[in-house]
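The values are calculated or read from the model by the stated rules, or taken from the named source; none is laboratory data. This structure is a prediction, so every number in the text was calculated from the model and none was measured. Neighbour counts are summed over all protein chains in view; Cβ atoms, including those assigned to glycine, are modelled from backbone coordinates with ideal geometry. Ligands, DNA and RNA are stripped out before the accessible areas are found, and what is left, the full protein with its side chains, is counted by its heavy atoms. Shrake-Rupley method; radii C 1.70, N 1.55, O 1.52, S 1.80 Å.
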Amino acid sequence: MVEELKGHKKIRVSFVNEGAMVAGFSRYIREHLTGATFIDMTDEIDEIKAIKSPEEVECIKYSAYVHDEAMKACFEAIKPGVREFEVAAMGRLKCRMLGSEQQFILIGSAPAGNAFGYNHIHAMNRALKEGDQIGILIEATDPAGYYTHLHRIACIGKIPEDLQKQFEDEKELQALNLKMLKPGVDPMEMWNA
């Protein structure tokens with residue numbers, strides 16, 4: 001990029017989400033295009049991206065479908081003796097069978113009432129046991145590259161009362177959010193509610 005632009009005078013370089021770039025990339029450009037004006041276009045591009053075409057909406061719906069099917073595959077794999085990575089593998093396989101090219105599936109588990117972390121695949125070696133809680137996080141692309149996000153907690157055996165109560169509370173909060181979700185609503189108003 002520097003080689004291409006260094007001969008031009010009074011150029012303007014616009015970055016989008018510079019904070020997510022490899023630091024050396026943007027630093028190198030800034031250091032070597034000393035005559036350039038740099039502008040952050042993140043907010044402007046975010047506004048454009050927020051409005052979805054009918055085609056994009058269909059891609060997002062398909063992405064959500066891929067996630068739902070992957071979660072079903074993970075749930076079907078859960079039983080005592082199965083290792084966390086095997087549960088993730090079933091979700092990953094389902095995603096790939098539905099056209100996904102990239103999957104980020106994390107699994108964590110522990111006996112009921114105990115906290116668990118989410119492990120990357122190299123550390124998903126815990127064998128599931130009767131009475132465990134299992135957390136599943138799925139983020140995968142659809143064939144067009146769209147992501148959605150899905151998280152669920154499963155239990156092997158009886159669901160602990162406190163977890164069931166939290167689940168019921170969350171359903172109430174989701175219903176409240178859905179009722180409030182209208183174009184132009186202030187997100188902080190929803191958060192505070």
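Name the residue, out of Tyr118, Tyr28, Tyr62, whose mean-square fluctuation peaks in a Gaussian network model built on the chain with Cα pairs under 10 Å.
For the chain, modelled as a Gaussian network with Cα springs under 10 Å, the answer is Tyr28.
If r is the Cβ-Cβ distance from Phe104 to Gln164 and R0 is 25 Å, what FRET efficiency results, to the nearest 0.05?
0.30
Please build a GNM for the chain, connecting alpha carbons under 10 Å apart, and tell me which residue among Val66, Val22, Val87 fluctuates the most.
Evaluated over the chain, the most mobile residue of the options is Val22.
At 222 nm, what helix-only mean residue ellipticity would the chain give, in deg cm²/dmol to the nearest 500, using -39500 (n - 2.57) for each DSSP H run of four or more?
-14000 deg cm²/dmol
Over all directions, the average projected area of the alpha-carbon convex hull for the stretch 1-157 comes to how many nm²?
Computed as one quarter of the Cα hull surface, the answer is 12.5 nm².
In whole Å, what is the distance between the alpha-carbon centres of the stretch 1-24 and the stretch 144-193?
Taking the Cα centre of the stretch 144-193 as reference, the centre of the stretch 1-24 is 40 Å away.
Report in % the part of the accessible area of the stretch 22-101 that belongs to carbon and sulfur, leaving out ligands and nucleic acids; probe 1.4 Å.
On the stretch 22-101, the fraction of accessible area on carbon and sulfur atoms equals 58 percent.
For the stretch 172-180, in order, what is each residue's ³J(HN,Hα) by Karplus, 6.51 cos²θ - 1.76 cosθ + 1.60 with θ = phi - 60°, in whole Hz (x at glycine and Pro)?
Each residue's phi maps through the Karplus curve to give 5, 5, 4, 4, 4, 4, 4, 5, 7 Hz.
Using all alpha carbons of the stretch 90-193, what is the percent of pairwise distances in each 5 Å bin, ordered from the shortest bin to the longest?
Computed distribution, short to long bins: 2, 11, 15, 15, 15, 17, 15, 7, 2, 0.
Name the long-range amide H neighbours of Ser14: under 5 Å, sequence gap of 5 or more, or other chain; modelled H, no Pro or chain starts.
Ile39
Gaussian network model of the chain, Cα springs within a sub-10 Å range: biggest mean-square fluctuation belongs to which of Glu47, Glu86, Glu101?
Glu47
Using a 10 Å cut-off on Cβ atoms, rank the peptides 78-85, 92-99, 132-139 from the highest mean neighbour count down.
Averaged packing, sorted descending, gives the order 132-139, 92-99, 78-85.
Could you do me a favour and compute the accessible area per residue for the stretch 70-193, 1.4 Å probe, result in Å²?
Accessible area per residue: 63 Å².
What whole-number value in cubic angstrom gives the convex hull volume per residue for the C-alpha atoms of the stretch 136-193?
Roughly 125 Å³ of hull volume per residue.
Counting other Cβ atoms within 10 Å of each Cβ, which trypsin sites (Lys or Arg not before Pro) in the stretch 1-56 have at most 11 and sit in a DSSP loop?
Those satisfying the criteria are Lys9, Lys10.
Compute the normalised compactness of the stretch 31-81: alpha-carbon radius of gyration over 2.2 N^0.38 Å, N being the residue count.
Relative to the rule-of-thumb radius for its length, the stretch 31-81 sits at 2.14.
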